[in-house]
Amino acid sequence: MTDVTLFTAPHAVAILREAKARQLAPLDEGRLFSLLAEAGFTHERIADWYGRQITFIRWRIELLDLIADGQDALRCERLPVGLGWYIARLSEESQRHMLDRWLAGDFFDALSAQSCARYIFRAERRASRG
């Protein structure tokens, strides 16, 4: 059995150029980057071709871990992209809690919400280690 390549490098570059020209929404970028990564391209190559840092590529892909309500809030621009990434790193229950608090206006600003999400993330990691 032979490996099947979904995209050649020139095809991937052309797709990324078109995507950049269309200024995709963050979740759409994440889906595209994830698809290209699944097709065998490294985050480094995708970043180079897209003209962004590797962390940008990873963060967009990680946005796909947001619960459905979080993705909806992101699409409707009720959730800032940066805060969405912090929330996406949390468990489903914590995502729901953070999202509810953000949408209720419980935080002074996105930075204070990010700080809270970082704290929860660290606490969840410590708890999972035993």
* Asked: Can you give me the relative contact order of the chain as a percent, contacts being Cα pairs under 8 Å and 6 or more apart?
  -> 18 percent
* Asked: When the accessible area of the chain is computed with all protein chains present and a 1.4 Å probe, what percentage of it is carbon and sulfur?
  -> 51 percent
* Accessible surface of Tyr86 in the full protein assembly, 1.4 angstrom probe, to the nearest 10 Å²? -> 50 Å²
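On a full-extension model of 0.36 nm per residue, what is the gain between Glu18 and Glu93, subtracting their alpha-carbon distance, rounded to one decimal in nm? Provide the component values of the computation, followed by the final result.
Details: separation 75, 0.36 × 75 = 27.00 nm, distance 3.68 nm.
Extra length available between Glu18 and Glu93 comes to 23.3 nm.
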* Derived scalar couplings ³J(HN,Hα) [the range 17-24; Karplus, 6.51 cos²θ - 1.76 cosθ + 1.60; whole Hz; x for Gly, Pro] -> 4, 5, 4, 5, 5, 7, 6, 4
* Rounded to the nearest whole Å², what accessible area per residue is found for the chain with the 1.4 Å probe? -> 63 Å²
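The values are calculated or read from the model by the stated rules, or taken from the named source; none is laboratory data. A quick note: this is a predicted structure, and the numbers were derived from the prediction, not measured. Accessible surface is based on the protein model in full, side chains and every heavy atom, while ligands, DNA and RNA are left aside. Shrake-Rupley method; radii C 1.70, N 1.55, O 1.52, S 1.80 Å.
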